[in-house]
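Accompanying notes for the structure given below.
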Amino acid sequence: MSRVNLKMLKRIACMLMIAALMLPLTVSGHAAGDDVLYFGALEQTVAQNVKTTVVEKGEFYITGAIQASLDFTSSQWVFNDISEGTVHFQQFLVSQGDIVKKGDPIAEISVSADEIEKEEVELNLEAAKRNLEEYTADTMALIKQYKAASQQGSERDRRLAELSYERLMNTFKTEVEKRENRIDEYSIRLDEIENLENTKYIKATTDGIIGFTNRFRKGEVITNWTFLCVINDPSQVRVVVEGGSDLLRYNMPVKIVRSGGNSKTVELTGRVLTLKSSASSVNLMAKDDIIEIYGDTSDLRPGDEVSVKFDKVYVPDALMVTKSAVKSDKKGSFVNVFIDGFSSKRYVVVGGADGMRSWIVSGVEEGDIIILE
């Protein structure tokens, strides 16, 4: 083969190799373009299906609650005011929390009087009546004699008879009145003893709500001035947090809630009256927190347990986002902000959270769209 043919063959071989090399490059470039279009379409699909929420402004608050009790500041004690005889307790006719009016029966009792005294009074009454009858009969007979003598005999005898008649008439009236008064005294005393035996109840001394009641056995003897129960004024009541709480502050608005059991729910407002300040003397600060109640307290009862509810955190213009949108890593809390179809990780400062929302102090603006998932 000539040198010319050999050179031609080498040139053809080189051209074929170059062509072979160029063909894959063209195919590869075309495939790369197709990949860019494919992934762009996939990203758009994800962006349309993602769940988002919006940063909004509003009131953010977290409530706290403390158990407390009721203190009725105006009350009257009911005692056994029967000073005579023997008083036997039978049963209470009221329970704690009952509303009573003055004169309503509080407790059923039975009273036994001193039988010896009763018998003596009865005997004295009969004797006084008999003495009055005998005195009246004897005196009237003597008066008739004096009157008859004043109408006969000598002038001197008649004069003496008239003087005796007048003196006896004056004495008779005074003595009859004295003896009748004695009969009245015995009669009144006998009525008192009989009324004492007929006494069946100890009654309420004022209007109000029954508080604490004493405990007695049926038939137990209760002496004079034995305490039975307390009647509270329902309009004079306050809330006491025993031991106090660092969460309560002077003049702080609160809600007082009584709920549960067979009683209906009662919700009232109030404010804290006690002041805790390092500037105040320890001797001037109360151990317990006292809360003033506003509104109608007539449905509250002695012994009720109540909850004092208050705002532990309150921000009037807080930036808030759904709680589940806030994530965290080693660097801190963050949210994924949705911007022009892309997710942008942004670290935020969280001020607090309740059951549904998080309060964002900084890191986002009102109207930002946040990715939830």
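The residue that is farthest from Q76 (Cα to Cα), among those in the range 202-213 that are open to solvent by 50 Å² or more (accessible area, probe 1.4 Å) and not in a strand (DSSP E or B), is D207. Would you say L190 is within 26 Å of K118 (Cα to Cα), at pLDDT below 95, in contact with a Gly (Cβ under 7 Å, 6 or more places away or on another chain) and surrounded by 15 or more Cβ atoms within 10 Å (Cβ to Cβ)? Spelling it out, it is not the case that L190 is within 26 Å of K118 (Cα to Cα), at pLDDT below 95, in contact with a Gly (Cβ under 7 Å, 6 or more places away or on another chain) and surrounded by 15 or more Cβ atoms within 10 Å (Cβ to Cβ). Within this structure, K118 passes the test of being touching a residue at least 40 places away in the same chain (Cβ under 8 Å), in a helix (DSSP H, G or I) and within 52 Å of the chain's Cα centre (by Cα). Only one entry of E162, E126, E175 meets the criterion of being of a type in the set (D, E), surrounded by 12 or more Cβ atoms within 10 Å (Cβ to Cβ), touching a residue at least 40 places away in the same chain (Cβ under 8 Å) and on the phi < 0 side of the Ramachandran plot, and that entry is E175. Quick check on my filter: what residues within the range 326-363 are in a strand (DSSP E or B), farther than 16 Å from K57 by Cβ and small (G, A, S)? Selection gives S328, G332, S333, S343, S344, A353. If you go through the range 317-326 one residue at a time, do you hit one that is within 44 Å of the chain's Cα centre (by Cα) and among the basic types (K, R)? Yes, the range 317-326 contains a residue that is within 44 Å of the chain's Cα centre (by Cα) and among the basic types (K, R). All of G367, G355 fail the test of being over 30 Å from S95 (Cβ atoms), open to solvent by less than 60 Å² (accessible area, probe 1.4 Å) and of a type in the set (G, A, S), apart from G367. In the range 30-73, the qualifying residues are those that are hydroxyl-bearing (S, T, Y), exposed (fewer than 14 other Cβ atoms within 10 Å of the Cβ) and touching a strand residue (DSSP E or B) at 6+ places or on another chain (Cβ under 7 Å), and the one that is modelled with the lowest pLDDT is T63.
Taking I183 and the conditions (1) in contact with a Phe, Trp or Tyr (Cβ under 6 Å, 6 or more places away or on another chain); (2) at pLDDT 90 or above, which numbered condition does it fall short on, given that it satisfies the others? Going through the list (1) in contact with a Phe, Trp or Tyr (Cβ under 6 Å, 6 or more places away or on another chain); (2) at pLDDT 90 or above, I183 breaks only (1). Any residue at all in the range 267-289 that's modelled with pLDDT of 90 or more, more than 30 Å from G352 (Cα to Cα) and surrounded by fewer than 17 Cβ atoms within 10 Å (Cβ to Cβ)? No, every residue in the range 267-289 fails to be modelled with pLDDT of 90 or more, more than 30 Å from G352 (Cα to Cα) and surrounded by fewer than 17 Cβ atoms within 10 Å (Cβ to Cβ).
The values are calculated or read from the model by the stated rules, or taken from the named source; none is laboratory data. Here the structure is a predicted model, which is why all the values come from computation and not from measurement. We place every Cβ from the backbone using ideal geometry, glycine too, and count neighbours over all the protein chains shown. Please note that ligands, DNA and RNA were not included when accessible areas were found on the heavy atoms of the full protein model with its side chains. Shrake-Rupley method; radii C 1.70, N 1.55, O 1.52, S 1.80 Å.
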